[in-house]
Structures are given as C-alpha cells and as structure tokens.
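This report refers to the structure that appears directly beneath it.
The values are calculated or read from the model by the stated rules, or taken from the named source; none is laboratory data. Since the model is a prediction, treat every value here as computed from it, not as a measurement. Cβ: placed from backbone, ideal geometry, glycine included. Neighbour counts: every protein chain shown. Only protein heavy atoms, including side chains, enter the accessible area calculation; ligands, DNA and RNA are left aside. Shrake-Rupley method; radii C 1.70, N 1.55, O 1.52, S 1.80 Å.
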Amino acid sequence: MMKLDLSNLRFLVVEDNTHMRRIIRMLLTGFGARDVVETEDGAAGLEAFQATSPDIVITDWVMPIIDGLELSRMLRNRETSTNPFVPIIMLTGHSEKKRVVEARDAGITEFLCKPISAKSLYLRIANTIVNPRPFIETRTYFGPDRRRAESSNYQGEERRQQEPTDHVVRPSLAS
C-alpha cells in the first residue's frame, strides 16, 4: 500500500455518533492528517464546509436535520457551493444496492460501509487523491463520472447516449 502525505489536507467529518467521529479522527491522525474538523449533523457540516474549505469530506448518511445524501447534493450544487468538486466519502451501515446507486447519483466520490477498517478508509482516501475521476455535468447530474473505468477494448454499443449538454469538467487539484 502506498504511503501518502496527508498532513497538508483538511478533512471534514460529518457524523452524528460521537464514538464514530472519534474513531474516524483517530484513523485520520494516524494516517498523518493534522487538520480534522468535526460536526454532528448535516446542517453544521454545511456551515463548517463553507467556513473551512475542506479538501475531503467524510459523511455519515443517516443524521438529524440534514442527512448525508442531502448534504452531498448541496455540496455538489455549482451555484451555491464553495467547492462542488470536493471529494465526498459516504460512510453508512446501509449497503443495499439501491442505497449505493442513490449515493452515486447524488455525487458521492467513494462509498464505505460500516463497520470500517483503517485499511478500507485509507484506500478510499488514497483513491480520491491518486485516481481522481473527471466530473460530469448534465441537465440532471453534476459530480464524479459514475463509470469507474474505461475499457479501451470495449467493442459494444455505448450504453449511455450523450445529451447535448453533457461535458467533462476537470476539478483543480486540492493541496
């Protein structure tokens, strides 16, 4: 596993469970992160996001006031968000396919089921840094390309027709 320097990145952890926030903070600091902002619900998370400009957001799904899915949609709003390109890692105990698809369609960058391990969290963080996906904008979606990989030897029909407004948007790299 590659070793990344996370000391210059700011993390925002939005999680209503105090113990889970503490675990995530301990893991992040163990990975070398020095700047970790914590909030206990989506509303406070949105305020902290606007105030602190984090490089990576880690959010729970089920929370009071504003849940993690709605928070993610707000962060991806190009008209109101200070950084709609921010990587968002969704942590949840709900792993049903319907939920994974719903999170993907809300612009989540990575999805991680609880209980988490240090390795799984680190790999999701590393993937957002080392393999950032291009962002796509259509009439109904803005966020990371929902297709994980491109196959250069694919010979079949394209499954997705490009809409006239579809285009790739490249985020600036956060450091």
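Sorting Met63, Met2 on solvent-accessible area from highest to lowest, probe radius 1.4 Å, gives Met2, Met63. Percent of Cα pairs in segment 43-102 per distance bin of 10 Å, from zero to the largest separation: 22, 56, 20, 1.
At 1.4 Å probe size, with the rest of the protein present, what percent of the exposed accessible area of segment 1-112 is carbon and sulfur atoms?
Values: 2700 of 5280 Å².
The value for segment 1-112 is 51 percent carbon and sulfur by accessible area.
Given their separation in residues at 0.36 nm each and the Cα-Cα distance between them, Thr140 and Lys114 gain 6.4 nm when the chain is fully extended.
Here Asn77 and Lys3 are evaluated by their C-beta separation; at R0 = 45 Å the FRET efficiency comes out at 0.85.
Across segment 47-62, coupling constants 3J(HN,Hα) worked out from phi with the 6.51/-1.76/1.60 Karplus curve, θ = phi - 60°, read 4, 5, 4, 5, 7, 10, 6, x, 8, 9, 10, 10, 10, 6, 8, 8 Hz, and Gly and Pro carry x. Residues whose amide H falls under 5 Å from that of Glu38, counting only those 5 or more places apart or on a different chain, are Val13, with hydrogens built in the peptide plane.
Gain on full extension, evaluated as 0.36 nm per residue between Ala43 and Thr18 minus their Cα-Cα distance, stands at 7.4 nm. A simple count of charges around Gly143, restricted to other residues whose Cβ falls under 11 Å of its Cβ and scoring Lys, Arg +1 and Asp, Glu -1, yields +3. Rounded to the nearest 0.05, the FRET efficiency derived from the C-beta distance between Lys97 and Asn127 at R0 = 25 Å is 0.75.
Among the GluC sites (Glu not before Pro) in segment 1-103, those located in a DSSP loop and surrounded by at most 12 other Cβ atoms within 10 Å of their own Cβ are Glu79, Glu96.
For every other residue with a beta carbon closer than 14 angstrom to the beta carbon of Leu4, add +1 if it is Lys or Arg and -1 if Asp or Glu, then tell me the sum. Charge balance in the 14 Å sphere: +2.
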